[in-house]
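Some notes on the structure that comes next.
The values are calculated or read from the model by the stated rules, or taken from the named source; none is laboratory data. Not measured: the values here are computed from a predicted model. Please note: Cβ atoms are built from the backbone with ideal geometry, for glycine as well, and neighbour counts cover all protein chains shown.
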Amino acid sequence: MQEFFKRIADAKWFQNTITIVIVLAGILVGMETYPAFAARHALAIHVLDQIIIWIFVVEMAIKMAAHGHHFYRYFKDPWNVFDFIIVAACFLPVDAQYVMVLRLARLLRVLKLVRALPSLQVLVSALLKSIPSMGYVSLLLILLFYVYAVAATFLFGRSDPVHFATLTTSMLSLFGVVTMEGWVDLMNINRFGCDQYGYDGMAHLCTAPEAFPWAAPFLFISLILIGTMVILNLFIGVIMNGMDAAREENQLESRARSSLAGGGRSIADDIDDIDGRLDELKQQLSLLKHRIRVDHTDSTSGGPRS
């Protein structure tokens, strides 16, 4: 029976069927965003929703049965745990006031496409692997924003109160500069003064106009060169490294599955074999060490060598 369920779980038609069901679940949730349509077809939507839920339950049961008596190995795969949580959330007992929570739980079923599509799974794995490194790059970017925001507040705070009156406002404005959104207008406001540029309709806010013909171009251009051209590209580099690592892991898993497909053996069985071989190697290593000690003792005492 274990081999029967394993063949079903690994079958291409089974995986394609689950993918189609996931897409239908996403379409069904999207239909509920139209209140009139949802009210008119409430019964049909409810029936389809229940069918989809139980299809996912059957999918989990088949994958667990593929492990035989060791069904708990199903939960060793983080993606299986993710699927289980999504399906379990749909069975939460909720009252009418928590219908939104139930709808959000059903919306999460669309994320099962991540598991169903291997290429998409590699992308998500790459992003997850990149999070620690992206955190350090983000910290570096925040430090850059802070230094430039303090300088911009001191320089342009009085002459451009809309964008640089406070430290937090300056950081938000500089974030727009790094994303290349309207940075030329910001630079020209402080280059020519708010009374000459950019404050049309807000003249009452321009109380202390001052031009910075050299400081403004230097600050904004240097921020773009460092923040946009260098640091933001570090994010791309980190994600590309994560992609390479995730792709290698995916290839190793595929090779392991293909090597085990013909023998009906599980990865756990191979691990047990490797552990046994390691124990044998340790015993042989202990014997060799013992012989070396004996030989050394005999050579120093002048006695016969064993």
Unique match (being in contact with a helix residue (DSSP H, G or I) (Cβ under 7 Å, 6 or more places away or on another chain), modelled with pLDDT under 80 and more than 26 Å from Val124 (Cα to Cα)) among Val99, Val94: Val94
- prompt: Within the range 221-229, can one find any residue that is at pLDDT 80 or above, out of contact with any helix residue (DSSP H, G or I) (no Cβ under 9 Å at 6 or more places or on another chain) and closer than 30 Å to Val177 by Cβ?
  reply: yes
Residues (at negative phi and assigned to a helix (DSSP H, G or I)) located in the range 61-75: Ala61, Ile62, Lys63, Met64, Ala65, His69, His70, Phe71, Tyr72, Arg73, Tyr74, Phe75
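Looking at Val162, Val177, Val150, Val184, which one is under 30 Å from Asn241 (Cβ atoms) and in the same structural domain as Asp244 (by TED's automatic domain parsing)?
On the way: Val162 fails: under 30 Å from Asn241 (Cβ atoms); Val150 fails: under 30 Å from Asn241 (Cβ atoms); Val184 fails: under 30 Å from Asn241 (Cβ atoms).
That would be Val177, the only listed residue that is under 30 Å from Asn241 (Cβ atoms) and in the same structural domain as Asp244 (by TED's automatic domain parsing).
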message: Which residue is nearest to the chain's Cα centre (by Cα), if the candidates are limited to the range 27-40 and must be assigned to a loop (DSSP other than H, G, I, E, B) and loosely packed, with under 14 Cβ neighbours inside 10 Å?
response: Thr33
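Hey, among Phe235, Phe212, Phe175, Phe218, which residue is out of contact with any Ser or Thr (no Cβ under 6 Å at 6 or more places or on another chain), modelled with pLDDT under 90 and either surrounded by fewer than 16 Cβ atoms within 10 Å (Cβ to Cβ) or farther than 30 Å from Trp79 by Cβ (or both)? Steps first, answer last, please.
Numbers: Phe212 fails: modelled with pLDDT under 90; Phe175 fails: modelled with pLDDT under 90; Phe218 fails: modelled with pLDDT under 90.
Only one candidate passes the filter, namely Phe235.
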- line: The one condition Ile8 fails out of (1) farther than 21 Å from Cys90 by Cα; (2) under 27 Å from the mean Cα position of the chain (by Cα) is (2)
